[in-house]
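Engineer: Dumping the structure here so I can ask a few things about it.
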Amino acid sequence: MSILVTNYSIHKEITQEFLEIYRSIIREKMKIDPLAEKDKIKNWDMVFPTLFEKYQKYIKKTSKIAKKLQLIRELGEKYQFFISHQVIFENDKWKIVPRKKKIHQLGTIYTPSEISHFIIRWIFQLINENSYQVKVNWKIADLACGPGQFLIDWIELGSSIRLPQPLSLFGYDNDPIAIQIAALGSFPDLYIAQKDSLFDGALEQRNQFDIIVGNPPYIKSSAIDDDYWNKLKLKFKSAYHKFDLSVVFLEKSLCLLKPGGIAGFIISNKWLTSKYGMKIRDLLLSSTKILAIIDVSQISIFSNVSTYPVIIFFQKRAKIPSKQQKSDIEMKSLVRLYHIEKITDLEKILTGKIKGFSIQQHFFHFTPHHSIITNFSINEHELLSHFWNLPQDSFFFLNDPKSPYTLRKGIHTGNCKNKLIVNEIHNSEFDNLEIKPLITSRLKIERYKISWQGLWIRYNKSLIDKSKGDYGSLREPWIFEANPKICIKLFGIRIQAAIDFFRYYTNNSVILLLRKDQNPAFHTNSKKFYHLKEHSEMHSFKAIFSHIEEEFYYILGILNSNLISSYYRIMYRHTHVRGNYLQYYIKDLGKIPIILPTKHNFKIIRDIAQLTRRIVKLHESFLANRVEIEKEEKILNKKIDSLYGFNSSYLQKQID
Ligand SMILES: C[S@@+](CC[C@H](N)C(=O)[O-])C[C@H]1O[C@@H](n2cnc3c(N)ncnc32)[C@H](O)[C@@H]1O
């Protein structure tokens, strides 16, 4: 017989046991057929049934529930090992090796008991705290129960807690062997059935369960069978883009939960921020209260696979609220966030030693594509909460339809860059009105300062000849001709903005901030600007500033401040990073809240405008003194913090 080896040390004991069984199967077979050893797959396939029979006998024999549960759990672990490994014949040796592909196709990675225990105990705590309505006839389900890890835990832990009785446990899985293991205990209130939980008729009726727990299968779109993939696409909203199967299980759980029902899952974190997770995020955000998210991605929970899981708990809302109600509820709904790096920290969460922090569920409506971002520090969280709690009528967003401002992108040179941009012009061209001085982010915008570096653009539409496949856009001329305007760099560690009085043209590495009434059409096309005109009273900068320039200085000071740069960074660093730099998108810059003048703050707003003007002048001066500029900026930052009512000693460090 060849030598049997395995290089897989994590499951040493199980490997050993499997090798022994494998050997004995071969020995038995070889008594009848000397060539039986060669039939490696058939022999391997017999290992688990042999083990199953052995366990079945043990379980039948024992009358102790705890012992039964322990044996079922053990067999479940061994089954996981069996399906995730195979025997191969290599270099004259038999080897037991992992079958990664198989695991990825089946999504069969069972949950370690530390995790399933935690999820169940957390739910028990919630019930004990009475924040969940106490009732009888509870129905608890795991829609992808495998060999029943969560259900076994429920039975085991349930005996130590007073739960309203009766309750019934339901476990479904499409793997017939896993189901047989889960059913081995023959417990009276445990119903186990082999089902495709996503399509089974009995699970079509909504609102069936009070609690749903589990570890939904993570199977990538590319690993799902084509026909099945099409069926999922037709039936589930969450089957969107390159979805993974676990998001469909989330949607199914949401349908099956009773209003007020609670779910607790360990699940990959991918859908929280990926494009494909957009639909399921929207579903969860609108129809559930997300109770807690525990980031356990730093812990290697599942050996053998690289996944980044989170534990999430949510409660289905009682009924779909109206849009206004929804936003009110979400403002009040707090999601508890935790980050842990050791599995033992789960216990500390339960005992309150690790507290995590709360974030308004509403926040996720402001994040890009409603991403559910969870990794904030306490300081960052404090800053965000502060912004969310600004009184509604104390500020406006730059891109609010009623805002007096608009943000625009500069010229898109497309594939005509060489035709449009020129480094130098001939004497004869000096009088050509179509040639304009050009500024780019690199040439040159800094905080508070623009300096033209001798670049020109031919502002002539006919140079972009679409019939020859040219593309690009010169944009409307008024956005460059407006005076003044603010130019903002597209990339940077922080927001870098400068005021322009010279009517520079810019390319699209620059975002322009303009007043809507600088557009000549504003004065003729009143219909288009209906909102602005009607609500022109909303902002009363005109009442406190004698000149439009001052208003621009005020906005410039705000944009360049530490406070606003930190806010933008915290909100968008997860999704808007290119290299080390953040990208500044119009839609997100547009969400920066600008404080409106009131009779209490108008003096400080005027101060901010004047100080910013002074800083701009200091930058322009040939005798610019860095120390003096820094001193003035410090004062400006303090004034802006105080205008926003924020005490931000830590901000400076973050930005430096
Ligand atoms: C990640 S395992 C979790 C098993 C168990 N709940 C645990 O936590 O250990 C996912 C399970 O989903 C099952 N599964 C995959 N697709 C399924 C489907 N359409 N219906 C029911 N179960 C499914 C797999 O067989 C596997 O047992």
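Here, each number is a calculation from the coordinates, and none is a lab measurement. It should be emphasised that the depicted structure is a prediction, and the values quoted were computed from it without experimental measurement. FYI the Cβ positions are ideal-geometry reconstructions off the backbone, even for glycines, and counts take in every protein chain you see.
Engineer: Run through the range 428-525 and list the GluC sites (Glu not before Pro) located in a DSSP loop whose Cβ has at most 15 other Cβ atoms within 10 Å. Each step should come with its number before you reach the end.
Structural biologist: On the way: sites: GLU429, GLU434, GLU446, GLU481; in loops: GLU434.
Answer in residue order: GLU434.
Engineer: How far is it, in nm, from the label point at LYS355 to the one at LYS461 when both lie 7 Å from their Cα along the line to the Cβ?
Structural biologist: The answer from the label model is 6.2 nm.
Engineer: Given the peptides 409-419, 552-562, arrange them by the average over their residues of other C-beta atoms within 10 Å, most packed first.
Structural biologist: Ranking the peptides 409-419, 552-562 by packing returns 552-562, 409-419.
Engineer: Lys/Arg Cβ at +1, Asp/Glu Cβ at -1, dipole of the chain taken about the Cα centre: which of GLY277, GLN518, ILE179 is farthest positive-ward?
Structural biologist: Going by the Cα projections, it comes out as GLN518.
Engineer: Let me ask another. Counting only DSSP beta bridges with both residues in the chain, what percent are antiparallel, rounded to the nearest 5? Please report the intermediate quantities before stating the final value.
Structural biologist: On the way: 54 of 82 bridges.
Beta bridges within the chain, antiparallel portion: roughly 65 percent.
Engineer: List the trypsin sites (Lys or Arg not before Pro) within the range 21-129 that DSSP assigns to loop and that have no more than 15 neighbouring Cβ atoms inside 10 Å. All intermediate terms of the calculation are to be shown ahead of the outcome.
Structural biologist: Working: sites: ARG23, ARG27, LYS29, LYS31, LYS38, LYS40, LYS42, LYS54, LYS57, LYS60, LYS61, LYS64, LYS67, LYS68, ARG73, LYS78, LYS93, LYS95, ARG99, LYS100, LYS101, LYS102, ARG121; in loops: LYS64, ARG99.
Loop-located and lightly packed - LYS64, ARG99.
Engineer: Whose amide H sits under 5 Å from the amide H of ALA141, counting only residues 5 or more places off or on another chain, with H placed in the peptide plane?
Structural biologist: PHE170, ILE211, ILE212, VAL213
Engineer: Let me ask something additional. Based on the alpha-carbon gyration tensor of the range 54-130 and its eigenvalue square roots a ≥ b ≥ c, which shape applies: rounded if a/c is under 1.5, prolate if not and a/b is larger than b/c, or oblate?
Structural biologist: oblate
Engineer: Give the long-range amide H neighbours of ARG475: residues separated by 5 or more places, or on another chain, with amide H under 5 Å away, using H modelled in the peptide plane at 1.01 Å from N.
Structural biologist: Here HIS412 satisfy the definition.
Engineer: In degrees between 0 and 90, to the nearest 10, how far off the longest principal axis of the chain does helix 548-559 point, with axes built from Cα atoms?
Structural biologist: It works out to around 30 degrees.
Engineer: Starting from the 7 Å offset along Cα-to-Cβ, what nm value, one decimal, do you get for the label separation of GLU114 and GLN165?
Structural biologist: Simple spin-label model gives 3.3 nm for this pair.
Engineer: What is the fewest-to-most order of GLU341, GLU549 by other Cβ atoms lying within 10 Å of their Cβ? Working shown, then result.
Structural biologist: On the way: GLU341 11, GLU549 15.
Fewest-to-most Cβ neighbours within 10 Å comes out as GLU341, GLU549.
Engineer: Using each residue's phi in the range 271-282, evaluate 6.51 cos²θ - 1.76 cosθ + 1.60 at θ = phi - 60° and report the 3J(HN,Hα) Karplus result to the nearest Hz, with x for Gly and Pro.
Structural biologist: These are the phi-based 3J(HN,Hα) values: 5, 5, 10, 7, 4, 5, x, 3, 5, 5, 4, 4 Hz.
Engineer: For VAL422, which sequence-distant residues (separation of 5 or more, or a different chain) have an amide H within less than 5 Å of its own amide H, given hydrogens modelled in the peptide plane?
Structural biologist: Amide H to amide H, under 5 Å and 5 or more residues apart or across chains, VAL422 pairs with TRP456, ILE457, ARG458.
Engineer: For a test of the definition: using alpha carbon positions, the gyration tensor, and the 1.5 limit on a/c, classify the range 104-375 as rounded, prolate or oblate. Intermediate results must be reported in sequence, preceding the final value.
Structural biologist: Details: a/c = 1.26, a/b = 1.07, b/c = 1.18.
Since a/c stays below 1.5, the shape of the range 104-375 is classed as rounded.
Engineer: Could I ask something else about it? Please rank THR374, THR273, fewest neighbouring Cβ atoms within 10 Å first, as an exposure proxy. Walk me through the numbers on the way to the answer.
Structural biologist: Values: THR374 22, THR273 19.
Placing the least packed residue first, the sequence is THR273, THR374.
Engineer: Ok, one more. Could you pull out the trypsin sites (Lys or Arg not before Pro) across the range 328-372 that fall in loop regions by DSSP (anything but H, G, I, E, B) with no more than 16 other Cβ atoms inside 10 Å?
Structural biologist: Numbers: sites: LYS332, ARG336, LYS342, LYS348, LYS353, LYS355; in loops: LYS342, LYS353, LYS355.
Sites meeting the loop and neighbour criteria: LYS342, LYS353, LYS355.
Engineer: Among TRP154, TYR585, PRO112, whose Cα lies farthest out toward the positive end of the dipole of the chain, if unit charges sit on the beta carbon of Lys, Arg (+1) and Asp, Glu (-1)?
Structural biologist: TYR585
Engineer: Positive end of the dipole of the range 405-655, charges at C-beta (+1 Lys, Arg; -1 Asp, Glu), about the Cα centre: which of VAL616, VAL422, PRO597 has its Cα farthest in that direction?
Structural biologist: Of the candidates, PRO597 comes out farthest on the positive side.
Engineer: Any idea what the dipole of the chain comes to, in debye rounded to 20, about its Cα centre with Lys/Arg Cβ at +1 and Asp/Glu Cβ at -1?
Structural biologist: On the way: 95 positive and 66 negative charges, 93 e Å.
Around 440 debye, computed over the chain.
Engineer: By count of other Cβ within 10 Å, fewest leading, how are TYR568, TYR58 ordered? Spell out each step's value before the answer.
Structural biologist: Numbers: TYR568 21, TYR58 15.
Going from least to most buried by this count: TYR58, TYR568.
Engineer: Residue by residue through the range 448-460, which ³J(HN,Hα) values in whole Hz follow from phi under the Karplus form 6.51 cos²θ - 1.76 cosθ + 1.60 (θ = phi - 60°), with glycine and proline marked x?
Structural biologist: Listing the rounded values in order: 6, 9, 10, 9, 6, 10, x, 8, 10, 10, 7, 8, 9 Hz.
Engineer: Okay, next question. Give the calculated FRET efficiency between ASN580 and TRP388 to the nearest 0.05, with a Förster radius of 35 Å applied to their Cβ-Cβ distance. Kindly include the intermediate steps, with their values, before the conclusion.
Structural biologist: Working: r = 28 Å, r/R0 = 0.79.
That gives a FRET efficiency of 0.80.
Engineer: Tell me, what ³J(HN,Hα) does each residue in the range 437-442 have, in order and in whole Hz, if you take phi through Karplus 6.51 cos²θ - 1.76 cosθ + 1.60 with θ = phi - 60° and put x for Gly and Pro?
Structural biologist: Once θ is set to phi - 60°, the couplings for the range 437-442 become x, 10, 10, 10, 4, 7 Hz.
Engineer: Using the structure shown, select from LYS485/LYS542; LYS54/LYS195; LYS419/LYS461; LYS402/LYS436 the pairs with a Cα to Cα distance greater than 22 angstrom.
Structural biologist: Values: LYS485/LYS542 17 Å; LYS54/LYS195 26 Å; LYS419/LYS461 11 Å; LYS402/LYS436 32 Å.
Checking Cα-Cα distances, LYS54/LYS195; LYS402/LYS436 exceed 22 Å.
Engineer: In the range 439-475, whose amide N lies under 19 Å from the spot 7 Å out along Cα-to-Cβ of LYS417? List them in ranges.
Structural biologist: 439-445, 453-460, 463-465, 469-475
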